[in-house]
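Written below as structure tokens is the structure these notes are about.
Values quoted throughout were computed directly from the atomic coordinates according to the rules given, and no laboratory measurement underlies them. If you're wondering where the values come from, they're calculated on a predicted model, not measured in any experiment. Cβ atoms come from the backbone with ideal geometry, glycine included; neighbour counts cover every protein chain shown.
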Ligand SMILES: Cc1cc2nc3c(=O)[nH]c(=O)nc-3n(C[C@H](O)[C@H](O)[C@H](O)COP(=O)(O)OP(=O)(O)OC[C@H]3O[C@@H](n4cnc5c(N)ncnc54)[C@H](O)[C@@H]3O)c2cc1C
């Protein structure tokens, strides 16, 4: 099938409920769609690529899985509750901590071997929350009960009468949507927001920096902390995949190496092989000895981090054009962090639902007869994992 609908769990379809098109299956779009579905609306998520997650991304390689985008969630978020374990399932998120004393870092990083007789266990410093078994697992878990159309880039969105009509790679999509959510980086959202002068102007004001990252596999253990950020120099951050919970902790070790914004800018035109060699040399300098890589892959993120400032009010965490029923969430509006974009998507869903109710476009759970409503909303709640 060309454009498979990625839905692996049963879904109660709210027939007759207002339909909302959500463009982008990153964390912001999926969080928005999930909150809409919980409220009884009928969201459909359109995703250009073949997988969910966007920059909350993970890559399977011959040496194991790498998180090649977001590494860790550091802010307070309800996202972990979305992905809480269900009976018989692995949790899709877990806390990640590391030993604090350098000597213990070495002991723990030795191929993940931990001496059972050790009684002087080191203090653990909390790094944050990570997806298990990969960062992308969180997106996959949120997406499960939703209607997500993968491999479906949206090129145009037009307002016709009271509906939105979308155009994909093979022409108009023969479905009407009452509302539209843009959950993609500003440069991708701009062509889709043409109908709204206000949103277009706001989107034009957002700028993104790009970023080089290196995925590095090493047969011999490298004795560096599991997670470290650097104030200066070409490398801004290193993260050990093999020390994250729910991953193989054995060799080959798998390191994520993130170049600084400045270095990435200076090497914008460089090819991936050159970048990989340069970042490897810098990683070796931190390791204090030569590192023989068994896997080396440099990846360039074109829209990595936005310059959106921290919003001063909850209502500033999304943009909403109430006349046209089109909104923007994600890091066009809030800083580029998983917890921030999650909140942005969830808050936009709440605002959008308010507008639909005001127009008497009730959700299925509101519009349905009393007895049916109870069944619908209860079933939906169970499927979506909310109490
Ligand atoms: C290298 C790197 C490291 C990071 N590290 C961290 C970290 O440690 N902690 C943290 O909190 N954050 C981190 N971030 C930031 C975080 O990953 C992002 O802010 C967040 O994932 C953005 O989510 P989003 O849903 O707003 O957008 P995205 O994740 O970009 O999702 C947008 C989705 O829309 C799709 N799309 C785009 N255009 C179209 C279209 N026309 N039609 C259909 N689909 C389309 C894209 O394919 C994508 O899947 C990092 C980012 C990068 C790049």
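Net length available on complete extension from residue 176 to residue 273 is 30.3 nm, with 0.36 nm assigned per residue and the Cα-Cα distance removed. Working from label points 7 Å from Cα in the Cα-to-Cβ sense, the residue 350 to residue 100 distance is 3.6 nm. In plain terms, the chain from residue 50 to residue 230 could stretch by 61.4 nm, reckoned as 0.36 nm per residue minus the Cα-Cα distance. With the simple model of a label 7 Å out from the Cα in the direction of the Cβ, residue 76 to residue 360 spans 4.1 nm. For region 163-200 and region 208-279, compute the distance between their C-alpha centroids and round to whole Å. Answer, in whole Å: 35. By the gyration tensor of its Cα atoms, with a ≥ b ≥ c the square roots of the eigenvalues, what is the shape of region 153-297: rounded for a/c under 1.5, prolate for a/b over b/c, or oblate? Verdict is prolate for region 153-297. Between residue 323 and residue 286, the contour length at 0.36 nm per residue exceeds the Cα-Cα span by 7.9 nm. Estimated from the Cβ-Cβ distance and a Förster radius of 22 angstrom, the FRET efficiency linking residue 167 and residue 207 is about 0.25.
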